Every structure is written in C-alpha cells, then in structure tokens.
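The values are calculated or read from the model by the stated rules, or taken from the named source; none is laboratory data. What you see is a predicted model; the values in this text were computed from it and never measured. Neighbour counts are summed over all protein chains in view; Cβ atoms, including those assigned to glycine, are modelled from backbone coordinates with ideal geometry. Protein only, heavy atoms only, side chains kept; ligands, DNA and RNA dropped before computing areas. Shrake-Rupley method; radii C 1.70, N 1.55, O 1.52, S 1.80 Å.
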Amino acid sequence: MDPINPLSESGVDVLVCGAVCSRLPEPDTLRTEGRPPCTVVLDHGDDALFTQDAVASHDPAAGRIVVHPTVAFGDRLLWHDILRALGARPPAARATREEQERAVHAALQTEPPCRLTVLRAHRIRIGLWADLVHLHRTTRADLVLVHHAELPDGLAHLLRHCDHRIIDTLAGVQKLHSLPTASGQA
C-alpha cells in the first residue's frame with residue numbers, strides 16, 4: 001500500500017469514512033461493484049464554463065441535483081446544502097454534522113436514482129471526500145465532484161482506492177451534463 005503522507009504512514013482510516021480503524025482496510029473497501037464509478041471533474045484552471053455547465057444541468061425532477069456549497073469551516077453546511085438541493089427539509093440549525101449526514105442518507109434512500117454534483121470540491125477536506133464516496137456506495141446517487149484545482153497528494157491517494165473516473169476537459173463536462181436525447185441516451 002502506498003504511503004499516505006511524507007512520513008510514510010500507510011494507515012488509511014480516512015478510507016473508512018472518517019471512522020477510526022485499527023487495521024488497514026481491504027483493497028476493495030471503497031469499490032462500487034455493479035455501479036458506475038464516482039466522477040471527479042478536474043477543472044485545473046477554475047474555468048467558469050465548467051461551473052456554468054454543471055449549474056445549468058440542475059433539474060431535481062429529472063434526477064440531476066447540483067450543489068454549490070456554502071463555503072465555511074466544518075462539514076455540517078455541505079450536508080445542509082445537499083438536503084436543500086434535494087428539496088428536503090434540513091434538521092434544525094443546531095443539528096450536528098452526523099445528524100445532517102444521516103438526514104442526507106435517509107433522503108437519498110427514498111429518492112429514485114439521481115446524479116449528485118458537488119461544486120467547489122477543492123474546498124472540501126479529504127475526510128468529507130471519503131464520506132461522499134461512502135454516500136455514493138450506500139445510496140442510489142451517482143456522485144460527481146467538481147475539483148477546481150490540481151489534485152493534492154492526499155486526495156490522489158484516496159482516489160487510488162476508489163472506483164472513479166476523471167474528466168478534465170470542457171467537452172467531457174458538457175457530455176457528462178448533456179440532456180438525454182429522445183432515444184434515452186445522454
């Protein structure tokens with residue numbers, strides 16, 4: 001297993017969605033067998049067209065949810081923003097991050113399959129990335145994370161342990177967010 005940091009530590013408790021783990025996870029811990037992989041859009045130059053294309057595809061009735069998260073410290077607001085984008089009522093403002101996360105899981109369990117796109121993923125800490133990958137694995141939501149910068153080493157390491165695909169061209173983003181045609185193909 002590759003070291004996760006410059007100290008050559010290979011403990012990867014973050015891969016178990018933030019839970020402290022005393023053993024190394026199995027190699028397929030974050031694999032999505034039988035499901036499409038998570039999609040990571042790499043917007044190396046923070047091109048406004050990448051964001052505009054994603055935002056234009058937002059159509060909850062058609063199963064396309066785009067979240068432009070509130071930028072703040074802590075993870076609670078992202079879960080709150082996802083609930084709002086789903087049209088679900090978020091828990092009380094004093095709800096903990098864990099309560100907010102559980103509410104998102106519950107909301108997505110009752111929803112038909114959808115594609116959940118999260119913008120500003122470069123502002124999200126690595127533990128939350130792992131939690132979002134877990135969301136992808138445990139619900140019927142296909143996850144798209146739009147990272148508006150180069151991938152840092154820790155995140156690249158996390159992705160090596162996840163089924164994912166990377167899109168890094170505007171044409172690829174436009175194809176990803178294109179509307180289905182009359183034949184049902186996107």
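Among residues of segment 117-136 that are touching a residue at least 24 places away in the same chain (Cβ under 8 Å), those with a beta-carbon under 8 Å from a residue that is hydroxyl-bearing (Ser, Thr, Tyr) and part of a helix (DSSP H, G or I) at least six positions away or on a different chain give the pairs LEU119/THR51. Taking the condition part of a helix (DSSP H, G or I) and not β-branched (Val, Ile, Thr), does LEU78 pass? Yes; evaluated as a whole, the condition is true for this residue.
Suppose we filter PRO112, PRO91 for residues that are touching a helix residue (DSSP H, G or I) at 6+ places or on another chain (Cβ under 6 Å) and more than 19 Å from HIS164 (Cα to Cα); which single one remains? Give the derivation first.
Details: PRO112 fails: touching a helix residue (DSSP H, G or I) at 6+ places or on another chain (Cβ under 6 Å).
The match here is PRO91.
Filtered by the rule that a residue be assigned to a helix (DSSP H, G or I), under 24 Å from ALA62 (Cα atoms) and touching a Leu at 6+ places or on another chain (Cβ under 8 Å), segment 106-165 gives ALA107, LEU108, ALA121, LEU132, VAL133, HIS134, LEU135, HIS136, ARG137. Pick from segment 88-114 the residues that are under 18 Å from the mean Cα position of the chain (by Cα) and within 16 Å of VAL66 (Cα to Cα): which of them is surrounded by the fewest Cβ atoms within 10 Å (Cβ to Cβ)? By that ranking, first place goes to PRO112.
To keep it simple, each residue is scored yes or no on (1) within 24 Å of LYS175 (Cβ to Cβ); (2) at pLDDT below 90.
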site: VAL40; (1), (2): yes, no
site: ALA48; (1), (2): yes, no
site: ALA56; (1), (2): yes, no
site: VAL71; (1), (2): no, yes
site: GLY74; (1), (2): no, yes
site: ARG89; (1), (2): no, yes
site: VAL104; (1), (2): no, no
site: THR110; (1), (2): no, yes
site: LEU116; (1), (2): yes, no
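Considering each of HIS177, HIS161 in turn, give the residue that is within 15 Å of the chain's Cα centre (by Cα) and on the phi < 0 side of the Ramachandran plot. First the steps, then the outcome.
Values: HIS177 fails: within 15 Å of the chain's Cα centre (by Cα).
Answer to the selection: HIS161.
Considering segment 131-155, the residues that are open to solvent by less than 10 Å² (accessible area, probe 1.4 Å) and touching a Cys at 6+ places or on another chain (Cβ under 6 Å) include one that is farthest from PRO36 (Cα to Cα), namely ASP131.
Condition check: more than 16 Å from the chain's Cα centre (by Cα), farther than 27 Å from GLY172 by Cβ and open to solvent by 30 Å² or more (accessible area, probe 1.4 Å). Does PRO60 satisfy that? Spell out how you get there, then give the answer.
Numbers: more than 16 Å from the chain's Cα centre (by Cα): yes; farther than 27 Å from GLY172 by Cβ: no; open to solvent by 30 Å² or more (accessible area, probe 1.4 Å): yes.
Here the answer is no, as PRO60 does not meet what is asked.
Condition check for ILE126 on (1) within 13 Å of the chain's Cα centre (by Cα); (2) open to solvent by 10 Å² or more (accessible area, probe 1.4 Å); (3) hydrophobic (A, V, I, L, M, F, W, C); (4) modelled with pLDDT of 85 or more: one failure, at (4).
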